[in-house]
Amino acid sequence: MTAPSLSLNLWAIAVCVIGAAFALIVRERLAPRVLAIACCAAAALTFAGGAICLAAGPSGDVALWTLPVVGSITIGTTTIGSWFACIAAIVYLPTSLFTLRYLERYAESYSLRAFAIWYCALLAGIIGLFICRDVTSFFIDWEVIAIASALLVAFEWRHVRNARAAFVMLGMSEAGTMAALLAMLLARGGTLWFGGPPANLNGPLSWVVFLLAFFGFGVKAGLLPINSWLPRAHPIAPGNVSALLSGVILNMGVYGIVLVNMVLAPSHHPVQGLVVMIVGAASALVGILYATIVDDMKAMLAYSSIENIGIVVTALGTALVFMAVGQPLLAGIGFAAGMYHLVNHSAYKGLLFLGAATVDVKLGTRSMNALGGIIRVLPVTTAFFFIGVFAISAIPPLNGFVSEWLTFQALLRSAELAPLTYRVIFALCGAALALTAALTVTCFVKVFGMSFLGWQRSERPKPAEAPLSMLVSMGLLALACVALGIVPTYVLPVIGRASTAAFGSDVVSGTLVPPFFNPSSPPRPLPPDFVATFHALGAQIGSWLPGRGLVVMLRGGAANPVVFAMSTTYLCLIIGALLLVTYLVVRFVTRTRRAERAKTWTGGMSRLPAEMTYTATGFSNPVRVIFDAVFDPTEVENTRETIHQHFRSAIRRTRQDVFLSERLLSEPLTNVVQSAANLLARMHHGRLSAYVGYALGTLLIVLAIVSL
Amino acid sequence: MKNWFLRGLTAGIRTEPLTEGAVSAALSPGLPKTTEHTGTQRAEMLAAACPNEAIRAVEAVAEVDEDRCVLCMRCKGRDGQTWRRDVAWAHPNADSQGPLEPRFRRSLHVRIIDAGDCGSCLNELAQMNGPAYNLHRLGIFITPTPRQADVLLVVGPATRQMQDALVSAYEAMPEPKRVVAVGVCAASGGIFGPSLMSAAGVAAIIPVDLVVPGCPPPPHAIIDALRLVCGQTARPVPR
Amino acid sequence: MLTAFAEHLRTIWPDVDWREHDDVIHADIGARYLRAMTKYFRAQQWRIGTIVARENGRGLDVRYCFYATLHPGWVELRVELDPGERTLPSLTNVAIAADWFEREIEDLFSIRFTEHPRLGDFVLHNDRLPENLGLMRPQVQSAADIPEQTREWRPKRVLEEEGAFVMTVGPVYSGEAESALFLLETVGEDVVRAVPRLFFKYRAIEKIAEGRTVQDVLLLAERCNGTSAIGNGLAYCQAVERATGITVPARALSLRTFFAELERLRHHMTSVREICASTALQVAESQALWIEEQLLRVSGELTGHRYLFGVLAIGGLMTDYDRGALETAVADVELLVRRVEPLRKALENASSFLDRIEQVGIVSGEAARAFEIVGPFARASGVCADMRAVQPYDAYPSVRFDVPAETEGDGYARLRVLFSEMIQSLHIMRQVVAGLPAGAVVGNTPAGAGSALGWSEAPRGASVQWVECDAQGIVLRYRLTPPSFRNWHGFHVATEDFAFQDFPIILATLDLSVAENDR
């Protein structure tokens, strides 16, 4: 009856609902267990459904119910939706496992049952979003997700600050939703169904739809300048919710953008793609700048999420540009880069957030200045966090490297664009992303070095290692990072299947993993020296290895006949071999020598107290000084106390940074609305006679309009 | 910038050849020598004149303990006191480990520790890196960390409040290592020690291999000591 | 002028017995007068020369010695403490310059200065030596009287900012640096506060001098800081000569001036070399090193010791020097100073070098006056207190020389002062040799008990010393206040709010000696 992919998704939603129902009736103590079982099962089912859809093709659309005004509620799996669903499942399963023990910290103060219910509801909404095939169900689901995520973010509702941050999140989300809804209605024209041929919008309507959809969904995705809710929401949310927020919820925004601008109403203007690229690059740069200077681990990861989504959006922007100028193969590179970076980001950001949550639970603080030396107390957590740090810094052979490489390849293809301005903008965005990559390394060296290595900078009790469920969940995500990095040639064809929804055909695999390497498809005739190059690169390792070759490569165009190739698989093998060989050689050469362990040389001081070691703020201060114009901190306090005029007894300095989005958009907007409201408030002076006058005036106007 | 480059080139080569033989007073203040006198009177007068008991009257011989001479110049040119003008002052300590292995001969790294020095020994050490003495041509370098040092060069009478740092610097050096005590303060405490705050020389705190007397020893004598430590030169008969 | 001033003092404080003897006004006062008198003296532009605490068998007495900066003359106020009494009012609320003196006396004599906010852990480090040890008191005689202990020591932190930490430099650092610990409070880029922790090299010279002959203590004075042997030795000799009534012959006075200036010239060359080294300008450093070596050789050739040890003696000099040798030395020095000139011009045209020292390490004239900085350090900030001009001694009254000064107070100003003083030193040397009087070089040696002040302008600034000796020529109390002790006090003013990278350069331009401070 229904295709297996769709039915699996429906079963997944059912499991979530059952889980929520169970959570309502069981004892407080068992709520986390119900949550873990239900959501792990649901995530697994979703993943299975998504995989089947990507393998076998989309299921047809099924109309569920028909409602009076809005038409029929249609559901069905699509390849692009399934890709996003798989990403969600990759993050949701480990997070649910993590939640099993993580919720213990809330056992006394908050309702675990409520958490479980919202959590299951959120998952149900997410799974539902990817199978919705009409505007009504899409936005109903969207609201479910918005409300459930806001409730989860504000879980620690006893603090006023948390409630306000969640309120801001919800408010901005609603504003974005309105814009997105409007865009979708305009895009679809008469019908509300997603199926059918893509709309061909021209002129100003195309721009209106684009801007509304991009900035509307951009609120959810966390793009500059509409992301002022993100740095407020993350630090206050519980650790596992942060992982979901970054790993799953932000992807919803990207899904919306892809849905409207690539599937439903593909953009035809290259300038729209350029706008996307510029906003993405700016978000990336500003995001990582703020990430580098903050002290709270979770705030840092939140800003880093802004950066990563910025990179995704930049890559999608290049795809839009190439699509608009009629180069679908090049657009495929950008699309693959964006989608790959999305799954990578979900995997490593989820891992990093879970790691930060573990540190928070075990050591009681997230401040990098106060931490230090975690490797000695939580070695396994440190190892997993290290893999996350390595991955996010785009170090080969992990997954971050693959998607960054693809992004830069997409940007370098600007050579094949005709207009100079496009090439200039591509180059500038490329430069911004390069700076971003460098700052990412700085930022994460700081996180890892200052919190996990070195000495403990404040007095803390020594905890035991995290419980097994938390470690396993982090391990799963670490495994995902490694797997996504080492065998990209197996992931890219999956993205290619997802790209059929946007481009009509698989534009990714054709470019990035040449088809003649797929043993199932017949080999195309190619020039022999070309084949020889590929053989020389080791792409083809004989016919006995199943599946694809191990090198990702792309050919330059006619003007640029070079081959760009990269293989993290081989890199992984070579790096491993080099490390092993080096280790063996060193062991052999120094076999007669004795290594001594000695005290650290501290310049002759008998011991170095904790306040004499570098802090995280000190590490990143040079970045702050160089980019001071971006941060523009306000000085809250700068007092110097002296005794007898010359003995300095205290110097107190406090500076506060206001996020750029708030300075650019939120604050001016708030001020405008506030002044308008103040202006209008003059009407409310309390004189009854004037109010009667208002009523009379309104009546006259209405009569006048009616008579016309 | 090219100005400095040309400046340096036109200054020419100012490095002087090393010497172990006699040098002028400009290059070295010299040290008193054990002198045999005709009678005990002179020897006793010289011993009485010395403020740090560096001269002992043993019958008719005025025996000089170089490790105690602070170069106050009170015995110079009187009562027949002879003076040595060579610069081969360095001598091994009682439990010296001898010079380093041959692989250090042309590549020696020295960590200088100031354990209470008055400043003159440090200034002579600074002169060694200058054009006239040019320590680098011998393959000897000053290093800022004891982890990469082969030789610990100590100046000063090992003041009490520097002893911890001195010991930790010594322990931070990997094997093989040698310690050279430069100056009379490091050799025996000079006129400062042993006392409340100074030790009787660095050897009371860490094992010392080579001692260079003098107050301060001239750069030639210190270079001679460093060349002994790394094996570039060797003394035929150790004292 | 001093007599007039004494009269003035008698009118203001008539119940105090002001006695004038030689160039010093003495008075025994009660502690209650201290603050008011200090305030008055400082308003008349007098400076603290030294503060001497002394065990006098019955208890303690403390001498506060001030000197005028507008005319020759000293004031010595003596406060006697009752046998059980061990407190004095602190002067830091009227004269911050007294801060380190009081901390030192508290550490070594266990006198408490009320209202001093920072006593403890100064000379004697708290992590190894117990508080209230009273090292200079008679009950501590040898190393056996000092109990060892190991305690935790933490720096006192002043900066309260998120992420602030203390960056330590030392006590063992760099290649050829003296041992000292610097605690730099920072948030990462700028040094907000720099506090030195000194006295790692404390040799207790003042303590071990007690019981030695005056001739042997001269060795200690010379070797307090070997590169200022004449500078500190001169102050000591003058103190002893004044205390015991020795008259130094004119030839010895002129020759002492000669050697003091020779030492100053060579010392300033060392400072220039250190400034070039700190900015890593290697060619200039090499050239400066070569010139400095040649100056050392001139000293060695002339006297037999490169650092001029064994030149001074109580009452004059150890040996005489003939005119020919002196003229040769002056000619050699002149050739070397002529080589310094092109180096100076090249440095002043090297913009990358000037960028590192100009506008860096600024000490205002006001701060220099408050902390009573001395020497070229102070003269670069416009404070021209030079003992040779203000309290002349030896042959200085008969030679003509300028005291160069600048006003900016930054590293470049200090460099210019050093170069100018080198020219002046050569000028003085020439005049001395030209007008060298004939005669003996050693004066009479009357014995006698007594105590007196001695002062000189050492290369780094004013060195003020006080000696008390008995009739047999044994030193009972030796007080040594070298110029670096005063200047290290003002060090933190120069280094605050500058970047880390500037720290070693500022340190080099300030020309401070740890050995001289630690004694």
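Give C:480, C:512 a once-over and let me know the one that is farther than 21 Å from residue C:207 by Cβ and either within 14 Å of another protein chain (Cβ to nearest Cβ) or not in a strand (DSSP E or B) (or both).
C:512
So which of A:553, A:605 ends up being at pLDDT below 90 and either assigned to a strand (DSSP E or B) or of a type in the set (Phe, Trp, Tyr) (or both)?
A:553
Of everything in region B:143-159 that's within 11 Å of chain A (Cβ to nearest Cβ) and not in a helix (DSSP H, G or I), which residue is nearest to residue B:210 (Cα to Cα)?
B:149
In region C:171-228, what residues are within 25 Å of residue C:473 (Cβ to Cβ) and among the acidic types (Asp, Glu)?
Correct list: C:206, C:210, C:216, C:222.
How do the pairs read when you match residues in region B:63-75 that are in contact (Cβ under 8 Å) with a residue 12 or more places away in the chain and within 13 Å of another protein chain (Cβ to nearest Cβ) with residues anywhere that are part of a helix (DSSP H, G or I) and small (Gly, Ala, Ser), using Cβ under 8 Å and keeping only pairs 6 or more apart or on different chains?
B:68/B:187; B:68/B:188; B:74/B:49; B:75/B:49
So is residue B:89 of a type in the set (Phe, Trp, Tyr), touching a residue at least 60 places away in the same chain (Cβ under 8 Å) and within 15 Å of residue B:215 (Cβ to Cβ) or not?
Yes; evaluated as a whole, the condition is true for this residue.
Test of understanding: among B:115, B:25, which residue is touching a Gly at 6+ places or on another chain (Cβ under 6 Å) and not assigned by TED's automatic domain parsing to the domain that holds residue B:182?
Being touching a Gly at 6+ places or on another chain (Cβ under 6 Å) and not assigned by TED's automatic domain parsing to the domain that holds residue B:182 holds for just one of B:115, B:25, which is B:25.
For region B:116-125, does any single residue satisfy the condition of being within 11 Å of chain C (Cβ to nearest Cβ), at positive phi and among the aliphatic types (A, V, I, L, M)?
no
Checking the conditions here, which among A:607, A:597, A:652 is in contact with an Asp or Glu (Cβ under 7 Å, 6 or more places away or on another chain), within 14 Å of another protein chain (Cβ to nearest Cβ) and surrounded by fewer than 17 Cβ atoms within 10 Å (Cβ to Cβ)?
It is A:652.
Run residue C:247 past the list (1) assigned to a loop (DSSP other than H, G, I, E, B); (2) within 18 Å of residue C:477 (Cβ to Cβ) and report the number of the one that doesn't hold.
(2)
Looking for whichever is in contact (Cβ under 8 Å) with a residue 24 or more places away in the chain, surrounded by fewer than 24 Cβ atoms within 10 Å (Cβ to Cβ) and assigned by TED's automatic domain parsing to the domain that holds residue C:319 here; the options are C:445, C:481. Which one fits?
Result of the check over C:445, C:481: C:445.
Only one residue in B:40, B:10 is polar (S, T, N, Q), within 11 Å of chain C (Cβ to nearest Cβ) and without any contact (Cβ under 8 Å) to a residue 40 or more places away in the chain, so which one is that?
Result: B:10 is the single residue among B:40, B:10 that is polar (S, T, N, Q), within 11 Å of chain C (Cβ to nearest Cβ) and without any contact (Cβ under 8 Å) to a residue 40 or more places away in the chain.
Per-residue answers, yes or no, for (1) touching a helix residue (DSSP H, G or I) at 6+ places or on another chain (Cβ under 6 Å); (2) surrounded by 15 or more Cβ atoms within 10 Å (Cβ to Cβ); (3) at pLDDT 90 or above; (4) basic (Lys, Arg):
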site	(1), (2), (3), (4)
A:159	no, no, no, no
A:172	yes, yes, yes, no
A:178	no, no, yes, no
A:187	yes, yes, no, no
A:199	yes, yes, no, no
A:212	yes, yes, yes, no
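For region B:55-78, which residues satisfy the criterion of being surrounded by 16 or more Cβ atoms within 10 Å (Cβ to Cβ) and in a loop (DSSP other than H, G, I, E, B)?
If the condition is that a residue be surrounded by 16 or more Cβ atoms within 10 Å (Cβ to Cβ) and in a loop (DSSP other than H, G, I, E, B), then B:65, B:69, B:70, B:71, B:72, B:73, B:74, B:75, B:76 are the ones that fit.
Taking region C:145-161 as the search range and keeping residues that are within 7 Å of another protein chain (Cβ to nearest Cβ) and touching a residue at least 24 places away in the same chain (Cβ under 8 Å), which one is surrounded by the most Cβ atoms within 10 Å (Cβ to Cβ)?
Among those residues, the one meeting the criterion is C:158.
Got at least one residue in region C:267-277 being over 22 Å from the mean Cα position of the chain (by Cα) and either of a type outside the set (Gly, Ala, Ser) or at pLDDT 95 or above (or both)?
yes
So, of the residues in region C:397-411 that are part of a helix (DSSP H, G or I) and surrounded by fewer than 24 Cβ atoms within 10 Å (Cβ to Cβ), which turns out to be farthest from the chain's Cα centre (by Cα)?
C:398
Considering every residue within region C:225-232, establish whether at least one is crowded, with 24+ Cβ neighbours inside 10 Å and assigned to a loop (DSSP other than H, G, I, E, B).
Yes; the residues of region C:225-232 include at least one that is crowded, with 24+ Cβ neighbours inside 10 Å and assigned to a loop (DSSP other than H, G, I, E, B).
Starting from residues that are touching a residue at least 40 places away in the same chain (Cβ under 8 Å) and touching a Phe, Trp or Tyr at 6+ places or on another chain (Cβ under 8 Å), keep the ones in region C:277-301 and report whichever is farthest from the other protein chains (Cβ to nearest Cβ).
That would be C:279.
Considering only residues of region A:1-45 that are free of Cβ contacts under 8 Å to residues at least 60 places away in the same chain and part of a loop (DSSP other than H, G, I, E, B), which is surrounded by the fewest Cβ atoms within 10 Å (Cβ to Cβ)?
Only one residue tops the list, namely A:1.
Go through (1) facing chain B (nearest Cβ under 7 Å); (2) more than 21 Å from residue B:118 (Cα to Cα) and name the single condition residue C:307 misses.
The number of the failed condition is (2).
Any chance you could count how many residues in region B:160-208 are away from chain A (no Cβ under 14 Å) and in contact with a strand residue (DSSP E or B) (Cβ under 6 Å, 6 or more places away or on another chain)?
Qualifying residue count for the region: 14.
Residues of region C:196-214 being in a helix (DSSP H, G or I) and either at the interface with chain B (Cβ under 7 Å from one of its Cβ atoms) or β-branched (Val, Ile, Thr) (or both), which ones?
C:205, C:207, C:208, C:214 - these are the residues of region C:196-214 that are in a helix (DSSP H, G or I) and either at the interface with chain B (Cβ under 7 Å from one of its Cβ atoms) or β-branched (Val, Ile, Thr) (or both).
Filter region B:79-121 for residues that are assigned to a loop (DSSP other than H, G, I, E, B) and hydroxyl-bearing (Ser, Thr, Tyr); which is surrounded by the most Cβ atoms within 10 Å (Cβ to Cβ)?
Only one residue fits best here, namely B:96.
Any idea which of C:134, C:120 is surrounded by fewer than 16 Cβ atoms within 10 Å (Cβ to Cβ), of a type outside the set (D, E, K, R) and not in a strand (DSSP E or B)?
C:120
The conditions are (1) modelled with pLDDT under 90; (2) assigned to a helix (DSSP H, G or I); (3) surrounded by 13 or more Cβ atoms within 10 Å (Cβ to Cβ), and residue A:629 fails exactly one of them. Which is it?
Going through (1) modelled with pLDDT under 90; (2) assigned to a helix (DSSP H, G or I); (3) surrounded by 13 or more Cβ atoms within 10 Å (Cβ to Cβ) one by one, residue A:629 breaks only (3).
The values are calculated or read from the model by the stated rules, or taken from the named source; none is laboratory data. Since we're looking at a predicted model, the values are computed, not measured. Backbone-built Cβ (ideal geometry, glycine too); neighbour counts: all protein chains shown.
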